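Derivation of every value follows stated rules applied to the coordinates shown; laboratory data play no part. Given the structure is predicted, the values throughout are model-derived calculations rather than measurements. Counting neighbours? That spans all protein chains shown, and the Cβs are built from the backbone with ideal geometry, glycine included.
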C-alpha cells in the first residue's frame, strides 16, 4: 500500500473501502497480537523503540485506509460510500482500541516510562498519553470495579442496538 502519497480517490470505490479497511483491521489485530505476545517474554528488552515502533508501523496503513474511506464518505456522500464507511468504522475503531485494554502492553509502557530520564519530551508525552488511555479504558481496575466498568461500557451498546432495532421495526410497519 502506498501510504506516503495522496490516495488516488478516483480509483477507490465503496467496495474497495470495505475490503481494504477490513483486511487492514485484521492485519492490525494479528500484528498487534504478535507484538503483545513478544512483550510478555521477560527476556524482551523494553525500550521506547521496541515497544512503540511496531505499534506505529502497523497503525499507519490502517489509519491511511480508514481516513481515505472517511474522506470519501464526507466528500462524495453517496449512499454507497456512506454505507461502506458505516460498515468499516466500528471494525476499525475496535481494532485500534484493542491496544488500550492490553495489560502486557500497559506494563511495557509503564516500564518504558519509568526510565523517563532517557526519554525525549516527545517520548514522555507519548508515554503519558498511552498511560492515560489505558486508565480511561479500565486497565488498572480489578475485581468488582472492573466488572462494573465492563457492564457500564456495554450498556450504551445495548441501548444503541435496541434503538436501531426499534427503528427497523417501525420502518417495516410502513
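Please give the helix 14-40 orientation as an angle from the longest Cα principal axis of the chain, in degrees from 0 to 90, rounded to the nearest 10. Compared with the principal axis, the helix lies near 20 degrees.
Specify the angular offset, from 0 to 90 degrees and rounded to the nearest 10, of the alpha carbon long axis of helix 48-76 from the longest principal axis of the alpha carbons in the chain. For 48-76 against the chain, the angle is about 20 degrees. Taking the Cα of residue 120, stepping 7 Å toward and past its beta carbon, and measuring to each backbone N in segment 38-78: which are under 18 Å? Of the residues in segment 38-78, 47-57 have backbone N under 18 Å from the label point off residue 120. Using the Cβ-Cβ distance between residue 41 and residue 4 with R0 set to 22 Å, the FRET efficiency works out to roughly 0.10. Using a simple spin-label model with pseudo-atoms 7 Å out from Cα toward Cβ, residue 101 and residue 133 lie 1.5 nm apart.
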